[in-house]
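Below: one structure, written as structure tokens.
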Amino acid sequence: MRKKIVAGNWKMNKNLQEGLALAQELDAALKGKTVNCDVVIGTPFIHLTSVVNAVDTTKIGVAAQNCADKASGAYTGEVSAEMVASTGAKYVILGHSERRAYYHETAEILKEKVLLALKNNLTPIFCIGEVLEEREAGRHFEVVKSQIEESLFDLSAEDFSKIVLAYEPVWAIGTGKTATAEQAQEMHAFIRKTLAGKYGEEVADNTSILYGGSCNASNAKELFANPDVDGGLIGGASLGVDKFMPIVEAF
Ligand code: 3PY
């Protein structure tokens, strides 16, 4: 059975003290509570160690939002997958559209990042999604399929089964627009079919595919009710426990 996951992506928000306070507040909100999904928070790099030490990591998985495409060496300012793993973080968000667009991360670079993440036992939350012009031109399926093929389809079935996918239509990120539940389900079913074509039904059935892009407390229930939507990658609404917990509880 594939996992249901609600993962926060804090992006470049919250200084260390604010981030720690938010993580502790979430930890307190989850204490003694049974929820029907795994909860993950994606923090800036500098928060990772403090957050891992501050929360019950059996209840909250901690994610980095990126890692380097090189293992180690003279790459000033970069943070390797091994460094991320050494903090106790268990996940890494890779291929977010903001990184593809603003930091020019190509399919090749992302392929390297995925390999290094897996080598260091991190679970990649791998983001894919089309821009508005691609959707309007009816190319959204083709675009998403090639993003998956180009960065992930050289993996063995065993390695692929360690990946979590997040479909984030770029036109729904930070715009307040959300894909309708039907649009999300249609794309998630297409992604699962694409995975089945490459790795077989079992791997496809066991892959968690999250929806991201302005997912919030008012639309999460409807999105998560779809058979192929296994949770969410949550941006702005992960920055407050009052907004994030209703999404966690939407399952
Ligand atoms: C958003 O919801 O805006 C996101 O980009 C989540 O990653």
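The values are calculated or read from the model by the stated rules, or taken from the named source; none is laboratory data. Keep in mind it's a predicted model, so treat the numbers as computed, not measured. Glycine gets a Cβ as well: all are built from the backbone with ideal geometry, and neighbour counts include every protein chain shown. We work out accessible area using only protein heavy atoms, side chains counted, and drop any ligands, DNA or RNA first. Shrake-Rupley method; radii C 1.70, N 1.55, O 1.52, S 1.80 Å.
Select from region 4-18 the residues that are within 16 Å of ASP230 (Cα to Cα) and not in a strand (DSSP E or B) and list them in ascending order.
If the condition is that a residue be within 16 Å of ASP230 (Cα to Cα) and not in a strand (DSSP E or B), then LYS4 is the only one that fits.
Would you mind finding the one in THR123, THR87, THR106 that is within 22 Å of TYR211 (Cβ to Cβ) and among the hydroxyl-bearing types (Ser, Thr, Tyr)?
THR123
Only residues that are in contact with a strand residue (DSSP E or B) (Cβ under 7 Å, 6 or more places away or on another chain) and away from the ligand (no atom under 14 Å from the Cβ): list them for region 210-228, please.
PHE224, ASP228
Just name the residue that is modelled with the lowest pLDDT out of those in region 164-191 that are in contact with an Asp or Glu (Cβ under 9 Å, 6 or more places away or on another chain), open to solvent by 40 Å² or more (accessible area, probe 1.4 Å) and within 13 Å of the ligand (Cβ to nearest atom).
Ranking the candidates gives GLY174 first.
Could you check, for region 102-123, whether at least one of its residues is surrounded by fewer than 23 Cβ atoms within 10 Å (Cβ to Cβ), over 19 Å from PHE153 (Cα atoms) and within 16 Å of the ligand (Cβ to nearest atom)?
Yes, region 102-123 contains a residue that is surrounded by fewer than 23 Cβ atoms within 10 Å (Cβ to Cβ), over 19 Å from PHE153 (Cα atoms) and within 16 Å of the ligand (Cβ to nearest atom).
Of the conditions (1) at negative phi; (2) modelled with pLDDT of 95 or more, GLY95 satisfies every one except a single condition; which number is it?
Checking GLY95 against (1) at negative phi; (2) modelled with pLDDT of 95 or more, the one that fails is (1).
Just one of (1) open to solvent by less than 10 Å² (accessible area, probe 1.4 Å); (2) at pLDDT below 95; (3) more than 26 Å from GLU222 (Cβ to Cβ) trips up SER151, so point out which.
(2)
So that you can scan it fast, the table gives a plain yes or no per residue for (1) touching an Asp or Glu at 6+ places or on another chain (Cβ under 9 Å); (2) open to solvent by 30 Å² or more (accessible area, probe 1.4 Å); (3) assigned to a strand (DSSP E or B):
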site	(1), (2), (3)
LEU22	no, no, no
ASP27	yes, no, no
VAL40	no, no, yes
ASP69	yes, yes, no
GLU82	no, yes, no
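When only residues in region 84-101 that are part of a helix (DSSP H, G or I) and either within 16 Å of the ligand (Cβ to nearest atom) or without any contact (Cβ under 8 Å) to a residue 24 or more places away in the chain (or both) count, which is least open to solvent (accessible area, probe 1.4 Å)?
Filtering region 84-101 for residues that are part of a helix (DSSP H, G or I) and either within 16 Å of the ligand (Cβ to nearest atom) or without any contact (Cβ under 8 Å) to a residue 24 or more places away in the chain (or both), the one least open to solvent (accessible area, probe 1.4 Å) comes out as SER97.
Name every residue in region 201-251 that is small (Gly, Ala, Ser), open to solvent by 10 Å² or more (accessible area, probe 1.4 Å) and more than 22 Å from GLU98 (Cα to Cα), in order of residue number.
Scanning region 201-251 gives ALA217, SER218, ALA225, ALA250.
What's the number of the condition SER161 fails, among (1) open to solvent by 60 Å² or more (accessible area, probe 1.4 Å); (2) in contact with a helix residue (DSSP H, G or I) (Cβ under 6 Å, 6 or more places away or on another chain); (3) at pLDDT below 95?
Exception for SER161: condition (3).
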